[in-house]
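Engineer: Can you read through this structure? Questions will come right after.
The values are calculated or read from the model by the stated rules, or taken from the named source; none is laboratory data. Since this is a predicted model, take the numbers as computed values, not measurements. Note that we place each Cβ from the backbone using ideal geometry, even for glycine, and neighbour counts take in every protein chain shown. Accessible surface areas use protein heavy atoms only, side chains included; no ligands, DNA or RNA. Shrake-Rupley method; radii C 1.70, N 1.55, O 1.52, S 1.80 Å.
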Amino acid sequence: MADSRRKKRRRPAGFEDHALEIETLTPEAKFMQLARDRFQQASEADAKQRQRELDDLRFYAGDQWPEELLVARQGMSAIGDNPAVPARPCLVVNQALQPVAQVLNQERSMDMGAELVPADDFAGLIGPIDDTEIELREGLLRRIQRAPETAEARTWAFERAAIAGRGYWGIGVRYVPGKTFDQEVFVEKYWNQACITLDPFHESSTGSDAEWGFIGRDVPWEQYKAEFPKAANGEDNAVLTSYAEDEDFRALGEMYPGWFTTDSKQRTCRVVTYYYTKRATRTLGVMADGRTGWMGKPPEDVTPEELAEYLPEDAEVVQERDVIDKQIKWAKLDGHQILDEGDWAGTDIPIIKVVGRELQPYDNDRRTEGLVRPMRDSGQGFNAALSKGVEVINLAPIPPWQIAAGQDEGFENEYLLSTTRTISALHYNTHDANGVPYPGKPERTNAGVDIAPIWASIQLFGECIKNTTLTPSATLGDVDPSLKSGRAIREVLDQAKKGTSNFLDNQARSIRREAQILNGLFYPIYGIREGRMARIMTGEGESQTVMLGQPFSQDAKGRPQPAPEGAIPGQNGVKQYKLTDTTFNVVVKIAKAYDTRRQEAAQLFSDLVAANPNEMAITGDLLFESLDSPGAKQAAERHKLMLAPPILQHLQQQKSGQTPPDPAQQAQIAQMQQAMQAMQQQLQEAQSGTAKAQMDAQVKLQIADADRAQKAQEAEMKAKLELILEQLKQQAETQRELLKLSGTQRSQEAEQQHEHAVIEHQAMASPLPMSGA
């Protein structure tokens, strides 16, 4: 009695009213019913393909013998007079590993990445897009793509596509560590690839046109209660309760098949994240003056910026058309109720699909396959032929000895041991007891096994595996021996790899889809709050921290600091990166990642310099720039000073913004370069005697120039002395006249002055010493 009351008290509320609730069709009930119907619809449409994928995964893991053959080849114990039958060998030499590994290694070596290239910014309608915004978006895209979790998610999905035909990865948003509400975008890996359920009506190989999709997992009940305590404890009008008995939980499973399961050990609840698309139609009109805007009454919660996009109610519209707005929403469900919900920041469902080989439909089933399914029959035949060969060899009898009666008398143990091990000597009798010689020495009978047909079958199935997987052999020894040069061998191997290039093409399409989703998330995640910090990666592979939405400068350590008020971006080291909520076209370019392309460039320039050392004067700086070693950048800067003058001049013109020379000028530069090289060679071949004669002639010319300069200086000095002497004579005459007029005293003074003048004149008129005397 007490137990029944306790069970009745703990029975989840709503069980009896479930049918009534469905009939009333509340908004939440309608939503949940649609979500369950969609999930079931996609699961049923995908059931056969999922089973094929599981079979291929099992085969790739080494489980390659059909169950009925394994049972038939089992051994049997002795029953009565019937002897025991040993088990037949069921060998597995996994031939699926090599082709899958080759395709996976091609994908890893490619290390593909996406680049955003502006295609059309609609400058006539919204104004030109700032180049710094494209630079910022590319920097964010590079940083996300170079994260280790991105490569892991891509490769994990591509591996499943290469094996079984289909794989998935996704895009997520999470909070930045620390006390902040800033978020960041990341690439998400789905460990269980079977957890994705996508709209079965999508046609794109990347899933870009899917209207909805589910990402689900089965959660143990104890974990469910910890993650969603309100739902588990019956709050928010939930029908679930943490006190549910096993029989009540089984009733939930019957009410919602596949969502609530229980066994003898634990109970589980399926929790899914449901992405779906909602569309709203608006009318766009254009007035006679060319002004465009939305028609109709604006919503009540519209912002002033959005209100400016609406036309007046009495506007005369000359043309109008309907525009369908697309919005992505998400909800977390447990099969009965909504655990959480919200608006997705982007405009695309963040689930990315990659396929291996998509088959043309010939019935209502949608098929994709990888490398395993076409080679399953060949692989099973290879294992069967190999097992048969081992079985035949193991069951082959040991050839017995053929000897005459009595020929082994006394040596019986030696002949007995020779059938099981190697002995040093085997003796035999040459004559019988009567002295009659035996007809010959003992010989083994011919009991050999012909395994040539079996070996031919093994080789045949091995070739069939290569033909069905379209992959070349992994060993270089299988290349045609007539090929001698490394270039020819590489061309043959590259040609062979084209048989599986469709896998890499499909991966490139999915990476392009990834870049489109990421580009749509940049503004709502990074561009809302001004002044937030973000890490970007430059085109040279260097990581930088930038400030978004406002001007900033960087200190000595590269940390961004707010720029002073009035600072102009682009001047004095001030930068500004800003994201806008603008729809503009971009072309997503798929190429090898930066590190891989730099290694390729280093190999190219190294080969050029090795083949022609003169190339160092033309491309030496590019060689050093492509190296990833300490001091490579400094070496490139120094080597630029040693480039050929035409190349150095061309680089300086590019740096200063001048127009590069036309092809005719480039041809002249090449001719000049050749002439300079010839001149250098002639100078190196000149004789030492000719160089000495040229040097002596130059010295003689310098001496003659010095003599002429000395003589000119002496002539100029003599002219000046003669002028001074004439002036002194005139002064002496003047003094004599004064002496006559002033008397004897004056005459004496004049005579003394005259004597002094004559002495000075004689001193100055003395010949100057010659240079070098």
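Engineer: Take the Cβ-Cβ distance between V392 and L104 as r, set R0 to 41 Å, and report the resulting FRET efficiency rounded to the nearest 0.05.
Structural biologist: After rounding to 0.05, the efficiency reads 0.70.
Engineer: Between R174 and D325, what is the spin-label point distance in nm, taking each point 7 Å from the Cα along the Cα→C-beta axis?
Structural biologist: 3.2 nm
Engineer: Points 7 angstrom from Cα along the Cβ direction at I451 and R291: gap in nanometres?
Structural biologist: Here the modelled spin labels are 9.2 nm apart.
Engineer: Report the full-extension gain for the segment E227 to T734: residue separation times 0.36 nm, less the Cα-Cα distance, to one decimal in nm.
Structural biologist: Once the chain is fully extended between E227 and T734, it gains 169.7 nm.
Engineer: Shifting gears a bit: Tell me, what ³J(HN,Hα) does each residue in the stretch 89-98 have, in order and in whole Hz, if you take phi through Karplus 6.51 cos²θ - 1.76 cosθ + 1.60 with θ = phi - 60° and put x for Gly and Pro?
Structural biologist: Values per residue, Gly and Pro as x: x, 10, 6, 10, 9, 6, 7, 7, 5, 5 Hz.
Engineer: Could you derive backbone 3J(HN,Hα) for the stretch 423-432 from the dihedral phi with the Karplus parameters 6.51, -1.76 and 1.60 (θ = phi - 60°), listing whole Hz in sequence and x where the residue is Gly or Pro?
Structural biologist: 10, 6, 8, 10, 8, 7, 8, 8, 10, 7
Engineer: So, one more: Leaving out ligands, DNA and RNA but keeping every protein chain, what accessible area does F31 have, in Å² rounded to the nearest 10, with a 1.4 Å probe?
Structural biologist: That residue has around 40 Å² of solvent-accessible surface.
Engineer: Using only the heavy atoms of the protein chains and a 1.4 Å probe, how would W294, W169, W401 rank by accessible area, largest first?
Structural biologist: Result of the area sort, largest leading: W401, W294, W169.
Engineer: Here is a follow-up. Once the Cβ-Cβ distance between L54 and L359 is put in as r, and R0 is 25 Å, what FRET efficiency do you end up with, to the nearest 0.05?
Structural biologist: Step by step, r from the Cβ atoms, then E = 0.90.
Engineer: Okay, moving on. Which of the peptides 144-155, 350-361 is most tightly packed, and how do the rest follow, judged by the mean count of other Cβ atoms within 10 Å per residue?
Structural biologist: Highest to lowest by the protection proxy: 350-361, 144-155.
Engineer: Got a sec to turn the phi values of the stretch 530-545 into Karplus ³J(HN,Hα) couplings, 6.51 cos²θ - 1.76 cosθ + 1.60 with θ = phi - 60°, whole Hz, x for Gly and Pro?
Structural biologist: 6, x, 6, 8, 8, 9, 10, 10, 6, x, 8, x, 9, 8, 9, 9
Engineer: What is the calculated FRET efficiency for A61 to T545, with r their C-beta to C-beta distance and R₀ = 35 Å, to the nearest 0.05?
Structural biologist: E(calc), rounded to 0.05, equals 0.20.
Engineer: If I model a spin label as a point 7 Å beyond the Cα along the Cα-Cβ vector, how far apart are those points for Q698 and E149 in nm?
Structural biologist: 7.0 nm
Engineer: So, one more: What is the set of long-range amide H partners of R267 at a cut-off below 5 Å, with H atoms built 1.01 Å from backbone N?
Structural biologist: W221
Engineer: Another one. Compute the length gained on full extension between Q710 and E409: take 0.36 nm times their separation in residues and subtract their Cα-Cα distance, giving the result in nm to one decimal.
Structural biologist: Computed gain between Q710 and E409 is 95.1 nm.
Engineer: Please give the length that would be gained between F181 and M717 if that part of the chain were fully extended, namely 0.36 nm times their separation in residues minus their C-alpha to C-alpha distance (nm, one decimal).
Structural biologist: Length difference between fully extended and current span is 183.7 nm.
Engineer: Can you give me the solvent accessible area of C464 with a 1.4 Å probe, rounded to the nearest 10 Å²?
Structural biologist: 40 Å²
Engineer: Would you pull out the residues with amide H under 5 Å of R166's amide H, same chain only if 5 or more places away, H placed 1.01 Å from N?
Structural biologist: A161, G356
Engineer: Cα-Cα over 23 Å: which of K225/K265; K30/K329; K189/K332; K179/K332; K30/K297?
Structural biologist: K179/K332; K30/K297
Engineer: Something else about it: Could you compute Rg(Cα) / (2.2 N^0.38 Å) for the stretch 350-436, with N its residue count?
Structural biologist: Computed over Cα atoms of the stretch 350-436, the ratio equals 2.56.
Engineer: Taking H as built 1.01 Å from N, whose amide H comes closer than 5 Å to the amide H of R444, not counting residues under 5 places away?
Structural biologist: Under 5 Å from the amide H of R444: Q402.
Engineer: Quick one: grab the alpha carbon gyration tensor of the stretch 521-584, order the square roots of its eigenvalues as a ≥ b ≥ c, and give me rounded if a/c is under 1.5, else prolate or oblate depending on whether a/b is larger than b/c.
Structural biologist: Note, shape of the stretch 521-584 comes out oblate.
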